[in-house]
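Here is the structure we will look at, set down as structure tokens.
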Amino acid sequence: MNTNALIECVPNFSEGADHNIIRQITDVIEGVEGVMLLDVDPGKATNRTVVTFVGHPEVVIEAAFRAIKKAAEVIDMRKHKGEHPRMGATDVCPLIPVSGISMEETAAYAQKLAARVGAELDIPVYLYEYAQSIGARKNLSVIRAGEYEGFFDKIKLPEWKPDFGPAVMNERAGSTVIGARDFLIAYNVNLNTKSVRLANSVAFDVREAGRVKREGNPVTGKVIKDAQGNDVRIPGTLKAVKAIGWFIEEYNIAQISMNLTNYKITSVHQAFDEVCKSADRRGLRVTGSELVGLIPLDAMLDAGRHYLIKQNRSIGVSESDLIHIAVKSMGLDELAPFDPSKKIIEYKLKDVAQEKLIGMNLRSFADETASESPAPGGGSISAYVGALGSALGTMVANLSAGKRGWEEHIAFFSDMAYQGQQLKDTLLKLVDEDTAAFNEIMKAFALPKNTDEEKKVRAEAIETATKYACEVPLRVMKTAYASLDMLGAMIEKGNPNSITDAGVGALCVKTAVRGAYFNVLVNAKGLKDKGYAELIVTEAKNILAENHSKADAMLKMVEAALV
């Protein structure tokens, strides 16, 4: 098993109003060392709280077990009321692979957790999705049908015997569903109505399951059956989407509550747009939307690009601008402020220490460079200068995309700006990575060398760290050099009023490549593996020569245009 494996757990607890109860549950989660609590999202009207935490699989299932146990102690399902379907104090507890682990391995952990809950807590447990081998019992909504109240009879049916635990309903804790699934986006769209009937009509239009087909009147007509006696359904417009309509007293509006079970198939912006179309056909208006829990960064960036394209604007803008346009386009801040640092999973997991330098303001970065500390040094500065060069080219591309009369060229300049943003972001990451590589060398040199074994370990650590310190500036060289094609296109075809900006960008790239080249040379000099050193230096020299030849030709073009 990969020691770097990371899984996410998103249990849903049947309590959304009593913050003392919610805190007791989250406290036991945070009490497990190695677990990071990412999000706690209570809903008063649904009387349900969605909690998100991550960590190594073993600590995650330990935290999940403790949370399920605590929920069974503090939540009494006999008294529970809420808008959301539910069958237990811990209604559902999915595990999601994040990195370094397969879905099959994640499913095995879900089964391990389920077995323990059933055996130690006397709670009936059903497996679902990838953890479930019985096809008819994979779907959560099928398992949960009948909810808490109906499960006292349902659980006695042979086909609904729990996978683990007693085949008798736990009156206080109910029953629980545990499984392994892909990342799910829980997403609600707000309507300008209080009508649950109208909201459900929209939900039926868009959800994959659609609505049952009826004779005559589509609402009151007799349900049409197929040859096997099953309801004939009219599918909705969105694949991998589950949806219902409900009224949220807290906001005094009806919502379309959706689970996007595979956002790669149906994105959050596609779901929003489709609900808008359906609502408009029914005389309704979408006023905004909200996320329940977390969302992957790429889903937000894709949404931002989607709405910029609809506006015939360049998609080559910064990450923060893409997120902003996504939030505003889908009204994600209508009901509450949308804080990307709290709602985007990658931002919640971000190690701030890994971005120490690029998180600084300009003055602080310059002061840190000027201090007596040896890092950041020339390598980090080279990466940053390269990022500025790419940023200047991106600026020219965006200015050109927005130039009046150049509308037919927007696609070209937008693509150039997009490329520039990717290169700029990579170089910014390399600013901190170069300093991290230097620090690794210092750590290796600080290792003890009192015995032959210690000397051997130290020598190997120094060699490994030095190779890494060669590879980082080589990546700076390659990435900065890759910016020249975009900068050259901007010098030739971009807004002529910004040709000097593109020229300065080329100068920055030229500096970045030579500066990073110096770092490759100085680090390669300390390697004991001379074959590796020769290969990496040769590659660096070739990039340097090509870069300078191309950059110098571009700079001559700039000067010629200015004379």
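For this structure, a couple of remarks:
- Positive contributions from Lys and Arg (+1) and negative ones from Asp and Glu (-1), summed over other residues with Cβ under 14 Å from the Cβ of K550, come out at 0.
- Anisotropy class of the range 312-409 from Cα gyration tensor, a/c 1.5 cut: oblate
- The percentage of C-alpha pairs in the range 84-217 whose separation is greater than 20 Å is 53%.
- Derived scalar couplings between HN and Hα for the range 57-65 equal x, 5, 6, 5, 6, 5, 5, 5, 4 Hz in order, rounded to whole Hz, by the Karplus curve 6.51 cos²θ - 1.76 cosθ + 1.60 (θ = phi - 60°), x for Gly and Pro.
- Global geometry of the range 352-562, whether rounded, prolate or oblate, following the gyration tensor of its Cα atoms and the 1.5 cut on a/c: prolate
- Tensor-based shape of the range 223-274 (alpha-carbon gyration tensor, a/c under 1.5 rounded, otherwise prolate or oblate): oblate
- Qualifying trypsin sites (Lys or Arg not before Pro) for the range 450-536 [loop in DSSP, other Cβ within 10 Å: at most 16]: K525, K528
- Working from the Cα coordinates of the range 257-339, the gyration tensor eigenvalues give, after taking √(5λ), semi-axes of 20, 15, 13 Å in decreasing order.
- Where trypsin sites (Lys or Arg not before Pro) fall in DSSP loop in the range 209-294, at most 16 other Cβ within 10 Å: K213, K222, K239, K264, R282, R285
- Debye log10 I(q)/I(0) for the chain, one point scatterer per Cα, at q = 0.07, 0.11, 0.13 Å⁻¹: -0.56, -1.09, -1.26
- The relative contact order of the range 352-562, computed from alpha carbon pairs under 8 Å that lie at least 6 residues apart in sequence, is 27 percent.
- Cα convex hull volume per residue for the range 6-180 (Å³): 92 Å³
- The chain - percent relative contact order, Cα under 8 Å, separation 6 or more: 10 percent
- About the Cα centre, charge dipole magnitude for the range 315-381 (Lys/Arg +1, Asp/Glu -1 at Cβ), debye: 120 debye
- For V92, the residues whose modelled amide H falls within less than 5 Å of its own, excluding neighbours fewer than 5 places apart on the same chain, are N12, V177.
- Each Lys or Arg adds one and each Asp or Glu takes one away; over the other residues whose Cβ falls under 12 Å from the Cβ of S373, this sums to -2.
- Of the trypsin sites (Lys or Arg not before Pro) found in the range 26-126, the ones in coil according to DSSP and having at most 13 other Cβ atoms within 10 Å of their Cβ are K81.
- Dipole axis of the chain (+1 Lys, Arg; -1 Asp, Glu on Cβ), positive-most option in A545, A397, T426: A397
- Applied to the range 166-173, the Karplus parametrisation 6.51 cos²θ - 1.76 cosθ + 1.60 on θ = phi - 60° returns per-residue 3J(HN,Hα) values of x, 8, 10, 5, 7, 4, 7, 8 Hz, with x for Gly and Pro.
Readers should treat all values here as calculations from the given coordinates under stated rules, not as data from a laboratory. Everything quoted here is computed from the prediction, not taken from an experiment. Positions of Cβ are generated from backbone atoms using ideal geometry, with glycine treated the same way; all protein chains shown enter the neighbour counts.
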